[in-house]
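Note sheet for the following structure.
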Amino acid sequence: MAINDSTTIDPSIIDYLRVNAEQEIQVSEKLQQFVTTLNRHVSAAQGFLSRIHSTPAAKFPLLLKQVEENAIRPSTETVKELAAFASNYPYYKYNNRWTRGIQGIINTILLTAWLGGMGTDSRPGELGRLLTLEEVGQILQVPVNLKDRDAFHITIEEYVLSLTDITEELSRLSMNSVTMGDIELTVRISGFIKDLFSGFQLLNLKNDILRRKVDAVKYHVKKVEDVIYDLSLRGLIPKPDSTTMDTDA
């Protein structure tokens, strides 16, 4: 019986696999370039923002201007380029490559805005301002929460995860603000974190990571409440109804 020694594998199959494998590598390498650049900008921002813990609130504007010019602005350009490139490929196939970096820049933007930065000609910066998901998308010039097409966008999950990160940073700032004698900022931070945590309780969170991060915010609330309680015992915080009582009298 003759043996047929001809190949039983169509060479085009191997060629197809090779071409696609090479394309996967090229896409991954290009995405990594964007992410590396973005992470560098975020690290620079974190370096600037770390100074808030030893800077009086009156000097925040100058510090925040440095964050915006040296970190947020170049990050915006990087995210735009990333979005343009990534939108050529399936979103959920690659989004795990950049989501940490995106959370980092969202966190930077949210914290900068809360501290009084990110002002515009039509709306100046304001201490205690919380940007919406849509406003973050406008700053980064990318879509948010897309439902109608497969393209790069910022997700609600990325926004909420970034919110949990700023509560941690602000809870630390509340303690350092006391050291610098800024009781008003400590009280404002306390109110914000408690309100945010209350809002989180209304969310129906199915993502385990998100649920754990949100649950951890209660520890940030506790940390700030302990600071406020200590200040109250020392008589450094006016009672809420003291002004009203004086007026009535």
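The values are calculated or read from the model by the stated rules, or taken from the named source; none is laboratory data. Keep in mind that this is a model prediction, so the values were computed, not measured. Virtual Cβ from ideal backbone geometry, glycine too; neighbours counted across all protein chains shown.
Remarks
Let's see how each residue does on (1) within 27 Å of Lys213 (Cα to Cα); (2) hydrophobic (A, V, I, L, M, F, W, C); (3) surrounded by 14 or more Cβ atoms within 10 Å (Cβ to Cβ):
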| residue | (1), (2), (3) |
| --- | --- |
| Leu38 | yes, yes, yes |
| Ala57 | no, yes, yes |
| Leu82 | yes, yes, yes |
| Thr112 | yes, no, yes |
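- Filtered residue count, the stretch 176-190, keeping only those that are of a type outside the set (S, T, N, Q), part of a helix (DSSP H, G or I) and surrounded by fewer than 13 Cβ atoms within 10 Å (Cβ to Cβ): 1
- Residues of the stretch 115-137 that are out of contact with any Pro (no Cβ under 8 Å at 6 or more places or on another chain) and in contact (Cβ under 8 Å) with a residue 40 or more places away in the chain: Leu115, Met118, Leu127, Gly128, Leu130.
- Single match in Leu210, Leu140, Leu173 (criterion: surrounded by 13 or more Cβ atoms within 10 Å (Cβ to Cβ), farther than 23 Å from Tyr91 by Cβ and in contact (Cβ under 8 Å) with a residue 40 or more places away in the chain): Leu173
- Restricting the stretch 40-54 to residues that are under 20 Å from Ser174 (Cβ atoms) and in contact (Cβ under 8 Å) with a residue 12 or more places away in the chain leaves a set whose member that is surrounded by the fewest Cβ atoms within 10 Å (Cβ to Cβ) is Ser54.
- Set Glu158, Glu135: member being charged (D, E, K, R), within 28 Å of Tyr91 (Cα to Cα) and surrounded by 21 or more Cβ atoms within 10 Å (Cβ to Cβ): Glu158
- Close Cβ contacts (under 8 Å, 6 or more residues apart or on different chains) running from residues in the stretch 89-104 that are free of Cβ contacts under 8 Å to residues at least 60 places away in the same chain to residues that are among the charged types (D, E, K, R) and surrounded by 16 or more Cβ atoms within 10 Å (Cβ to Cβ) comprise Thr99/Glu158.
- Within the stretch 230-242, considering residues that are in a helix (DSSP H, G or I) and exposed (fewer than 12 other Cβ atoms within 10 Å of the Cβ), the one farthest from the chain's Cα centre (by Cα): Ser242
- Qualifying residue in the stretch 94-103 (condition: at pLDDT 95 or above and either among the β-branched types (Val, Ile, Thr) or not in a helix (DSSP H, G or I) (or both)): yes
- Of the residues making up the stretch 122-175, just one is in a helix (DSSP H, G or I), of a type in the set (Asp, Glu) and touching a Gly at 6+ places or on another chain (Cβ under 9 Å), namely Asp165.
- Restricting attention to the stretch 104-121, the residues that are aliphatic (A, V, I, L, M), in a helix (DSSP H, G or I) and either in contact with a His (Cβ under 9 Å, 6 or more places away or on another chain) or at positive phi (or both) total 1.
- Residue match in the stretch 45-59 (condition: modelled with pLDDT of 95 or more, within 21 Å of Asp165 (Cα to Cα), among the basic types (Lys, Arg) and outside the structural domain of Ile183 (by the TED database)): yes
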